[in-house]
1. Any idea of the accessible area per residue across region 85-155, 1.4 Å probe, to the nearest Å²?
2. Considering only protein heavy atoms and a 1.4 Å probe, what is the carbon-and-sulfur percentage of the accessible area of region 104-167?
3. When you count, for each residue, the other Cβ atoms within 10 Å and take the mean per peptide, how do 93-106, 131-144 rank with the highest first?
4. Give the ranking of Val46, Val113 by solvent-accessible surface, highest area first, calculated with a 1.4 Å probe.
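The values are calculated or read from the model by the stated rules, or taken from the named source; none is laboratory data. Every value quoted in this text rests on a predicted model; they were computed, and no experiment measured them. Cβ placement follows ideal geometry from the backbone for every residue including glycine, while neighbour counts extend to all protein chains displayed. Just the protein is used for accessible areas: all its heavy atoms, side chains included, with ligands, DNA and RNA removed. Shrake-Rupley method; radii C 1.70, N 1.55, O 1.52, S 1.80 Å.
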Amino acid sequence: MMVRNATLLLVLTLLLAACGGQAAPTTTPVPPTLPVPTVELPPEPVVPQPTVFLPTLPPTWTPIVTPTVFAPEIDLTNAALLVQPTNAVCTGFLSDRAQSARFFGLGQPVVVVWTPVPTAASYRVTLFDRGARALWFDLTTDIRITIPGEFLVGDSLFGWEVRPYDAAGVQLCLPVGDEIALQ
């Protein structure tokens, strides 16, 4: 056993002598960092922006203001009526301006009247605002109807139209109507 211990002691001594008396390193050495060369790019060329000249109006120019005309939207549900010749029963179909209200008091109901179409089973009456948006509609079998005053607020001009329908629900004539204005 003694020989074995002496052999171990000899091996350890040789190892220490080979390392120069220093212990073996425990981490991997890091190589030194080299400086990174910087590359200077040439400046980007300056591109001149084109100058835009806007034409000016002569000092005497005056805008032309075209008055807005009330034109309700055309319902294209029965677009075939637009290309067909006028139905003979429609020749006398008109709004009755003598009996229909032309003016209204704010929030007050108005009565509108039209001439009858002999074969009409019903009429659809629609109230429009100035932007041609439908505000109210009703179906009637009579040739007169009262538009509720609650829909006649918020604007000074409204339009109405009436469309006649036969018993099968087919529109017989193009719509007729008129305007009603705030008094």
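1. Details: 3970 Å² over 71 residues.
Result: 56 Å² of accessible area for each residue.
2. Numbers: 1630 of 2940 Å².
So the carbon and sulfur contribution to the accessible surface is 56 percent.
3. Numbers: 93-106: 14.9, 131-144: 12.9.
Top to bottom by mean Cβ count within 10 Å: 93-106, 131-144.
4. On the way: Val46 135, Val113 5 Å².
Sorted by accessible area, descending: Val46, Val113.
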